Ligand SMILES: Cc1ncc(COP(=O)(O)O)c(C=O)c1O
């Protein structure tokens, strides 16, 4: 009989989420009003230290709202990395701005802060950076550059909920930061996201934009072009249940990462964290030594019913983006990388099996 499948990810759900969702059903507050939305925003704000936390329907619209709130649009340039999830960069196109790609650092796989300044022009409005696979970016340097050149900093923290940099939580390391709560994220709400900002004016603007541009003084009057980017009470209920087990989730993922690193760091390359930082270890990610080696091991794992995930394709290689040729690190990392199963419920024996297959095929 074939082994049961080991998926790349599985949300860590339980009785608490069920109870809170049932409360929504019983109370009939299932749409985007209800007590759990405020509580979820407050709890995420408390956990991260963010002054304002605004729940939205997913992580993609969270970045779209960041762009809109900062008035980024036609004719503006946004500096970003091309080794990220497509949604991140798409938000730049949604508002008609132009993404300017900077290569990633060869060790952290995050935007290379040494290569940003040369790409800044009079049209640059913001730097949008991603904490890839949960690893914090070099925020101190990003902040310095942003301040020096008078541009906004947007933190795409979709993958780094629970990570920290120099004692600050991911989610407060930008003029605007965004989370995703998709099913495979550190905590999930099914689909869902959050926008976080220290700025009172941006908070007001984002709340208005996510809610059809509703006037604060006149009902059913909309004084700006808005959107329905609201989170539901059911999503927020799941999120609150998840927050209750956040430390457990992070702890289990840390153990998985440590096991992988202990067993494989002699033969494979792992992402390097900046100093004084912790990762959310969203998805365990390794670089193989050659494409042939990666393909061989990927195939061996898949044959054993173990799911893997290819790394993101560099954004400029997608057909609707302009080609750029100066991001060799992104191209190399994308070609050699693979995500391994790293969900909190993965059993020790299952991880041992994954490690053994990798070791046996690497010789
Ligand atoms: C880096 C990054 N940005 C943005 C997103 C978009 O989030 P969502 O899928 O919730 O729209 C994701 C989600 O996978 C992501 O990994």
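What follows is calculated from the coordinates using simple rules that are stated; it is not laboratory data. These numbers were taken from a predicted model, which means no experiment stands behind them. Note that each Cβ is placed from the backbone with ideal geometry, even for glycine, and that neighbours are counted across all protein chains shown.
Figures for the structure shown
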| quantity | calculated |
| --- | --- |
| Ascending count of other beta-carbon atoms within 10 Å, so fewest first, for 78, 151, 95 | 95, 151, 78 |
| Rounded if a/c under 1.5, otherwise prolate or oblate - the chain, Cα gyration tensor axes | oblate |
| Gained length - residue 107 relative to residue 42, 0.36 nm times residue gap less alpha-carbon distance | 19.9 nm |
| Per-residue Cβ neighbour rank within 10 angstrom, fewest leading, 363, 19, 205 | 363, 19, 205 |
| Rounded FRET efficiency, nearest 0.05, which uses the C-beta distance separating residue 225 from residue 148 and R0 of 30 Å | 0.35 |
| Beta bridges per DSSP with both ends in the chain, % antiparallel, nearest 5 | 55 percent |
| Tail beyond 20 Å, pair distance distribution of the stretch 148-219 (Cα, percent) | 42 percent |
| Order of 294, 208 under a 10 Å beta carbon neighbour criterion, fewest first | 208, 294 |
| Mean ellipticity per residue at 222 nm, deg cm²/dmol - from DSSP H runs of n ≥ 4 across the chain, formula -39500 (n - 2.57) | -11500 deg cm²/dmol |
